[in-house]
Amino acid sequence: MGIKSDRWIRTMALEQEMITPFVESQVGKGIISYGLSSYGYDLRVSNHFKIFTNVNNTVVDPKAFDANSFVDVEADVCTVPPNSFALARSVEYFKIPENVITICLGKSTYARCGIIVNVTPFEPGWEGHVTLEISNTTPLPCRVYANEGLCQVLFFEGDEPCETSYRSRSGKYQGQQGIVLPRILG
């Protein structure tokens, strides 16, 4: 298993629609960069955000998540409250091959501001918009800019397709659109 280069990512994006829309080079003048890099792809955050609030004094429970714990915002800039978080989605739609897994890490520009981006791996066979968790670890409000880079996706190709892919087991987040809250299969 090895990390994949820009050449491989470009080929997979253009020939197999692994990333749509796909930006073939780094875009970054006056903005937080996005697009294809040496060994990864810097995805963009859309302008739809769900900002966490505790106005209802709700307990955060992944088995019984209260959607009223969020305020929906559509804006070019999202202000994440101190010591809180927001959910968002990627601009790009991903279709991960059966023999590939990804790891996604936050961009250093945001990390240096106390913003941590948490994204679980994109499993082999998964497809959809990425739900992004943006944590503000500081005691001050932080800004996140829509349609600019938020995190980098690294692609790792296995020697063979996995035996059980996300698609073949009908994973609960398969084909997700928009910002998807926690789900428990019943």
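Out of contact with any helix residue (DSSP H, G or I) (no Cβ under 6 Å at 6 or more places or on another chain) and either loosely packed, with under 13 Cβ neighbours inside 10 Å or farther than 13 Å from F94 by Cα (or both): is that true of E133 in this structure? For E133, the condition - out of contact with any helix residue (DSSP H, G or I) (no Cβ under 6 Å at 6 or more places or on another chain) and either loosely packed, with under 13 Cβ neighbours inside 10 Å or farther than 13 Å from F94 by Cα (or both) - is met. Within 19 Å of the chain's Cα centre (by Cα), in a strand (DSSP E or B) and within 20 Å of G158 (Cα to Cα): is that true of Y93 in this structure? Against the criterion (within 19 Å of the chain's Cα centre (by Cα), in a strand (DSSP E or B) and within 20 Å of G158 (Cα to Cα)), Y93 does not qualify. For segment 49-57, the criterion of being within 25 Å of G114 (Cβ to Cβ) and among the basic types (K, R) is satisfied by at least one residue. A residue that is without any contact (Cβ under 8 Å) to a residue 12 or more places away in the chain and in contact with a Ser or Thr (Cβ under 8 Å, 6 or more places away or on another chain) occurs somewhere in segment 52-60.
If you go through segment 21-32 and keep only what is surrounded by 13 or more Cβ atoms within 10 Å (Cβ to Cβ), closer than 18 Å to Y93 by Cα and in contact (Cβ under 8 Å) with a residue 40 or more places away in the chain, you end up with just F22. Within segment 33-51, restricting attention to residues that are farther than 12 Å from E148 by Cβ and in contact (Cβ under 8 Å) with a residue 40 or more places away in the chain, the residue that is surrounded by the fewest Cβ atoms within 10 Å (Cβ to Cβ) is Y39. Of the strands (runs of 3 or more DSSP E) contained entirely in segment 16-86, those carrying at least 2 residues that are within 27 Å of I184 (Cα to Cα) and touching a strand residue (DSSP E or B) at 6+ places or on another chain (Cβ under 6 Å) fall at 40-52, 70-74. Within segment 58-101, restricting attention to residues that are under 30 Å from M12 (Cα atoms) and among the polar types (S, T, N, Q), which residue is modelled with the lowest pLDDT? Selected residue: N99.
The values are calculated or read from the model by the stated rules, or taken from the named source; none is laboratory data. Bear in mind that the values here come from a model prediction, so they are computed numbers and not experimental data. Note that each Cβ is placed from the backbone with ideal geometry, even for glycine, and that neighbours are counted across all protein chains shown.
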